[in-house]
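Participant: One structure coming up, written as structure tokens, with questions to follow.
The values are calculated or read from the model by the stated rules, or taken from the named source; none is laboratory data. Computed from a prediction, not measured in an experiment: that's the story for all the values here. When we count neighbours, we look across all protein chains shown, and the Cβ atoms used for this are built from the backbone with ideal geometry, even at glycine. Note: areas computed on protein heavy atoms with side chains; ligands, DNA, RNA excluded. Shrake-Rupley method; radii C 1.70, N 1.55, O 1.52, S 1.80 Å.
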Amino acid sequence: MTGSVWRSLQALMGRLFPASYRWPAMDVRLGECKLHLVGSIHMGTRDMQPLPGRLLRQLQKADALIVEADITQGGSPFENSGNRASLASRMPPDALLKLKTLCNELSLSISLFDTLPAWQIALMLQAQQAQRLGLRPDYGIDYQLLQAAKNWQKPVIELEGAETQIALLKALPDDGMALLQDTLMHWHTNARLLQMMVSWWLDTPPRQSQIALPTTFSQTLNDTLIGDRNAQWRDALLALPAGNYIVAVGALHLYGEGNLPGLLKAP
């Protein structure tokens, strides 16, 4: 049997009988490239360490680890973000009241946020929420994969890098006020979504990419933070040289409308 026929048969078998994993993941073959797409959570619980042995064995055999950004490098992404006018002059009164109420619930002083960009406030609140749910950066999936890859001297490829991610946030209209308002509006929904994603690692992951996910962003923000980036990542992954790769991206990029696996498989 020739190599091309064998590869075609392997691809057909993969479509008919996709591999099943006990973590959120799926395999995609692009010609001579084999991608193992892993749905990462950037902060995790203690129970999410160590990573599954089967995943670590796949990483050992891989030619490289691909991540959104190498979070083991560099300092704080919030340096030199600049001061802004007070929140009272930037936020609608109802949104400002929600923020004050939330700060009281979290025992935070709103003065900490008063002159920060709206996108930065949103990220800081989301980090607070994750920590109060018992999640920590050291237990994040991409962090653990990066540590293992560097221990084994595996090449690490960034799809974006931290500077690109911060530039995207800084470029949001109105200093990211929509992101802050969505964070406040969908606060409890986002907590449930975090718990759902943790359960994908500790209990049962989704078995298909088209699943219904709770709404935590407006459509415009979802297009900017999820859809547009998925399209850019698809182009980067399609340009990879032949090889076997572990690709760790945020779990929400693997599921729902416009998901990354669907874009990669599209003709």
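Participant: Taking 0.36 nm per residue of sequence separation and subtracting the Cα-Cα distance, how much length would be gained by fully extending the chain between Thr72 and Gln147, in nm to one decimal? All intermediate terms of the calculation are to be shown ahead of the outcome.
Facilitator: Values: separation 75, 0.36 × 75 = 27.00 nm, distance 0.81 nm.
Between Thr72 and Gln147, full extension yields 26.2 nm more.
Participant: Pull up the DSSP beta bridges for the chain and report the antiparallel fraction as a percent, rounded to 5. Can you show the working numbers first?
Facilitator: Numbers: 7 of 22 bridges.
Bridges in the chain that DSSP calls antiparallel: roughly 30 percent.
Participant: Run lengths n ≥ 4 of DSSP H only: what is the helix-derived mean residue ellipticity at 222 nm for the chain, with -39500 (n - 2.57) per run over all residues, to the nearest 500? Let's see the in-between values first.
Facilitator: Details: 12 runs with 121 residues, N = 267.
Using -39500 (n - 2.57) per qualifying helix, the result is -13500 deg cm²/dmol.
Participant: Take every Cα pair under 8 Å in the chain that's 6+ residues apart, average their separations, divide by the length, and report that relative contact order as a whole percent.
Facilitator: Values: 343 pairs, mean separation 96.4, N = 267.
About 36 percent, as a whole number.
Participant: Need one number: nm distance between label points at Asn104 and Arg192, each 7 Å from Cα along Cα→Cβ, rounded to one decimal.
Facilitator: The answer from the label model is 2.5 nm.
Participant: At a 1.4 Å probe, what is the % contribution of carbon and sulfur to the accessible area of the chain? Walk me through the intermediate numbers first.
Facilitator: Numbers: 7320 of 13850 Å².
The nonpolar share, carbon plus sulfur, comes to 53 percent.
Participant: What does the accessible area per residue of the chain come to in Å², with a 1.4 Å probe and no ligands, DNA or RNA counted?
Facilitator: Numbers: 13850 Å² over 267 residues.
Here the per-residue accessible area is 52 Å².
Participant: Here is a follow-up. Please state the relative contact order of the range 36-186 as a whole percent: Cα pairs under 8 Å, 6+ residues apart? Provide the component values of the computation, followed by the final result.
Facilitator: Details: 150 pairs, mean separation 69.5, N = 151.
Computed over the range 36-186, the figure is 46 percent.
Participant: Taking 0.36 nm per residue of separation and subtracting the Cα-Cα distance, what length does fully extending Ala212 through Gln60 add? Mind dumping the intermediate values first?
Facilitator: Values: separation 152, 0.36 × 152 = 54.72 nm, distance 3.33 nm.
So the extension gain works out to 51.4 nm.
Participant: How long is the gain from Leu112 to Asn83 if the chain were fully straight, where each residue apart is worth 0.36 nm and the alpha carbon distance is subtracted?
Facilitator: Numbers: separation 29, 0.36 × 29 = 10.44 nm, distance 1.17 nm.
Here the answer is 9.3 nm.
Participant: Please list, by residue number, every one of the trypsin sites (Lys or Arg not before Pro) in the range 205-240 that is coil in DSSP and has at most 16 other beta-carbon atoms within 10 Å.
Facilitator: Details: sites: Arg207, Arg229, Arg234; in loops: Arg207.
Sparse-neighbourhood loop trypsin sites (Lys or Arg not before Pro): Arg207.
Participant: At Gln49 and Asp138, where each label point lies 7 Å from the Cα along Cα→Cβ, what is the point-to-point distance in nanometres?
Facilitator: With each label point 7 Å from Cα toward Cβ, the separation is 0.5 nm.
Participant: Right, next: Take the chain, connect every pair of alpha-carbon atoms lying under 10 Å apart with a spring to form a Gaussian network, then pick out the residue of Pro93, Pro24, Pro117 with the largest mean-square fluctuation.
Facilitator: Maximum among the listed residues: Pro93.
Participant: Oh, and also: Quote the FRET efficiency, to the nearest 0.05, computed for Ala171 versus Ser199 with a Förster distance R0 of 51 Å and r equal to the Cβ-Cβ distance.
Facilitator: Details: r = 34 Å, r/R0 = 0.66.
Plugging the Cβ-Cβ distance into 1/(1 + (r/R0)^6) gives 0.90.
Participant: Using alpha carbons only, how many angstrom separate the centre of the range 39-61 from the centre of the range 118-189?
Facilitator: After rounding, the separation between the Cα centres reads 18 Å.
Participant: Let me ask something else about it. With 31 Å as the limit, write out which pairs from Lys98/Lys150; Lys34/Lys150; Lys100/Lys170 have Cα-Cα distances beyond it, or answer none. Please report the intermediate quantities before stating the final value.
Facilitator: Details: Lys98/Lys150 43 Å; Lys34/Lys150 21 Å; Lys100/Lys170 24 Å.
Violating the 31 Å limit, Cα to Cα: Lys98/Lys150.
Participant: So I have (i) 71, 36, 33; (ii) 55, 43, 35; (iii) 65, 41, 37, and one of them is Cα extents along the principal axes in Å calculated from this model. Which one is it?
Facilitator: (i)
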